[in-house]
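> What follows is a structure written as structure tokens; I'll ask about it next.
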Amino acid sequence: MKFSDLGLSPELLRAVADKGYDTPTPIQQQAIPAVLGGRDVLAGAQTGTGKTAGFVLPLLQRTVAADGRTPRVLVLTPTRELAAQVAESARVYGRYTNLRTTVIFGGVSEKPQIGALRAGCDILIATPGRLLDLVDQGALDLSRIKHFVLDEADRMLDMGFIPDIERIFNLTPPKRQTLFFSATMPPEITRLTTQFLKDPTRIEVARPATTAATISQYMARKIGRAHV
């Protein structure tokens, strides 16, 4: 199977080709058609399986064109390192679209992030703490979110973010596409999937022995609620 078999637009295929990628990983083969079809997705997948492109590519296509100032795609990640990685993927794969990507996380000044939000964005990648800080300040509106991704959900649980995540879900419209990616499915994550996902497509992908070609490696460290 090739990326050209997955129903992606010419603009996205061109961006994928620029990166030198031709063959999708197993999770990309399963997740991209499901997301393009509007399905909720519950995926068991670790870093290194190609999961980021598995949701970024189809969501870029479903978002279509810049529209207004408030985000329509929200990707929550547990750390600033992962948020930056996902944002870079969105910018690289969306280079031939006019979609605007913004990333927000703690540990740095919030002023440039507020300025970016005021300028308008279509795709927002965020860590939970900084996102809620900006919501509470009135700097961020989640009322037009149509696609919600929870990335590395089990790490969110380990870091104590579940109450924040539940609050964020309740700030978004009930009619939305929801995607969960988690390496493991502990009971608390299973409860969240039951609460927030609707008839999801279930995907289970083991990490390959060697690193997937479509993923850049990164080092992540745990950081407290005040910094993310």
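> Over the range 29-92, what percent of the accessible surface lies on carbon and sulfur atoms, probe 1.4 Å?
Accessible surface attributable to carbon and sulfur in the range 29-92 totals 47 percent.
> Moving on to the next point. What order do Thr127, Thr23, Thr97 take when sorted by accessible area (1.4 Å probe), most exposed first?
Largest accessible area first, the list is Thr23, Thr97, Thr127.
> Considering every Cα-Cα pair within the range 77-161, what fraction, in whole percent, is farther apart than 14 Å?
65
> Let me know the charge dipole size of the chain about its Cα centre in debye, to the nearest 20, where only the beta-carbon of Lys, Arg (+1) and Asp, Glu (-1) is charged.
Dipole size: approximately 320 debye.
> Grab the chain and count how many Lys pairs have their alpha-carbon atoms under 21 Å apart, sequence gap of 8 or more, or different chains.
Taking the Cα cut-off of 21 Å, the pair count is 9.
> Next up: Restricting to Cα pairs below 8 Å that are 6+ residues apart, what does the relative contact order work out to for the range 64-131? Please round to a whole percent.
After rounding, I find 51 percent.
> Right, here's the next one. Tell me the volume per residue, in Å³, of the convex hull enclosing the alpha carbons of the chain.
Output value, Cα hull per residue: 114 Å³.
> Could you tell me the relative contact order of the range 31-97? Use alpha-carbon pairs under 8 Å, at least six residues apart, and round to a whole percent.
The normalised contact order for the range 31-97 reaches 34 percent.
> What figure in square angstrom, to the nearest 10, would you give for the accessible area of Glu88 with a 1.4 Å probe?
Glu88 has an accessible surface of roughly 100 Å² with all protein chains in place.
> So how exposed is Phe105, as accessible area in Å² (1.4 Å probe, rounded to 10)?
Phe105 has an accessible surface of roughly 40 Å² with all protein chains in place.
> May I ask you to give the solvent-accessible area per residue for the chain, in square angstrom, as obtained with a 1.4 angstrom probe?
Averaged over the residues of the chain, the accessible area is 43 Å².
> Then there is this: Helix-only mean residue ellipticity at 222 nm, the chain, DSSP H runs n ≥ 4 weighted -39,500 (n - 2.57), per residue, nearest 500. What is it?
-12000 deg cm²/dmol
> Accessible area, 1.4 Å probe, largest first: how do Leu13, Leu150 sort?
Per-residue accessible area, sorted high to low, gives Leu13, Leu150.
> Keeping all protein chains in the complex and leaving out DNA, RNA and ligands, what accessible area do you get for Met159 with a 1.4 Å probe, in Å² to the nearest 10?
40
The values are calculated or read from the model by the stated rules, or taken from the named source; none is laboratory data. Bear in mind the structure is a predicted one, so any value in this text is a computation, not a measurement. We place every Cβ from the backbone using ideal geometry, glycine too, and count neighbours over all the protein chains shown. Just so you know, the surface numbers come from the protein's heavy atoms only, side chains and all, with ligands and any DNA or RNA stripped out. Shrake-Rupley method; radii C 1.70, N 1.55, O 1.52, S 1.80 Å.
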